[in-house]
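The values are calculated or read from the model by the stated rules, or taken from the named source; none is laboratory data. Fair warning: this is a prediction, and the values are worked out from it, not measured in the lab. Glycine also receives a Cβ, built like all others from the backbone with ideal geometry; neighbour counts cover every protein chain displayed.
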Amino acid sequence: MNKDIKNEIDRILSSEDDRSWHQLFKFLHQHRENAALEEMVTYAERQLTLWHDKTRLQMAKRNFHFKTYDELSPVVSLIRHLVVSTKSEEWGSKYLNLIGQSPYVLQLKALTVKSCELYPGTLKRVFTSPFLIGLETLFIKNTLMEEEEINTLIESEFLGNLSKLSIIKQRVDTKWLIPFLKQLRGNKLTYLDLSYNQIGDSGAYAIANAAVWSRLEVLNLKRNAISKIGRETIMNSVFIPKETELIF
């Protein structure tokens with residue numbers, strides 16, 4: 001890697017522009033045939049430890065556009081936390097479909113989908129992707145999922161690897177919760193947020209009696225129509241660690 005390339009990477013990473021990711025990917029993509037590409041990517045990743053936005057790429061329409069599968073080049077492996085947030089059904093669905101079929105996202109550790117309007121079935125393709133096996137955090141908020149998509153999440157390959165899971169304002173009820181809890185055996189969950197759903201007292205009873213919470217640190221069940229009796233059932237559960245923060 002010559003001095004000019006190093007200086008250009010430094011210049012891009014020193015920018016406070018919110019399109020810095022776009023500039024970095026574009027620059028590295030232009031040098032994809034360079035024998036020193038791996039060295040360039042390694043250098044950029046090392047410098048990101050001091051970058052203001054080192055773990056987050058906001059994939060809204062105004063930011064970097066992946067137009068085709070081929071454009072998801074290996075440099076995307078720099079991303080550890082990917083945020084998809086857009087009101088455009090076309091763009092949101094397009095991004096997530098590309099992510100679901102790209103082997104370059106194997107290093108992705110966290111995926112946030114918030115305030116999105118998506119075409120039906122989009123998240124099902126994400127949840128069945130074989131390339132998201134390394135996912136450790138999944139946040140879905142203000143993005144309505146179809147019942148089939150919620151059910152598909154239960155069968156996803158990455159579910160057992162998640163340490164943090166947030167499913168807010170969905171159609172989560174006891175019907176979904178029971179098979180979900182069965183799939184959690186041997187899980188790594190430390191954080192679970194199911195706020196603003198339809199769990200109710202029957203769901204609270206199921207949670208309290210599930211022997212799957214040995215690592216749980218935070219459980220958020222706010223606005224789930226859980227009565228005082230339901231809350232007490234969870235608070236007195238022998239399976240939920242006493243130090244777990246409970247939010248109702």
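The residues of region 177-234 that are more than 21 Å from L144 (Cα to Cα) and among the acidic types (D, E), listed by number, are D201, E217, E232. Which one is farthest from the chain's Cα centre (by Cα) among residues in region 234-245 that are surrounded by fewer than 18 Cβ atoms within 10 Å (Cβ to Cβ), in contact (Cβ under 8 Å) with a residue 24 or more places away in the chain and more than 20 Å from L162 (Cβ to Cβ)? The residue in question is N236.
Checked against the criterion of being of a type in the set (F, W, Y), at pLDDT 90 or above and more than 14 Å from the chain's Cα centre (by Cα), region 174-182 contains one or more residues that satisfy it. Checked against (1) part of a helix (DSSP H, G or I); (2) surrounded by fewer than 17 Cβ atoms within 10 Å (Cβ to Cβ); (3) in contact with an Asp or Glu (Cβ under 9 Å, 6 or more places away or on another chain), N151 passes all but a single condition, namely (3).
Matching residues to (1) at pLDDT 75 or above; (2) closer than 29 Å to L37 by Cα; (3) touching a helix residue (DSSP H, G or I) at 6+ places or on another chain (Cβ under 9 Å):
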{"residue": "T86", "(1), (2), (3)": "yes, no, yes"}
{"residue": "E90", "(1), (2), (3)": "yes, no, no"}
{"residue": "F127", "(1), (2), (3)": "yes, no, yes"}
{"residue": "E136", "(1), (2), (3)": "yes, yes, yes"}
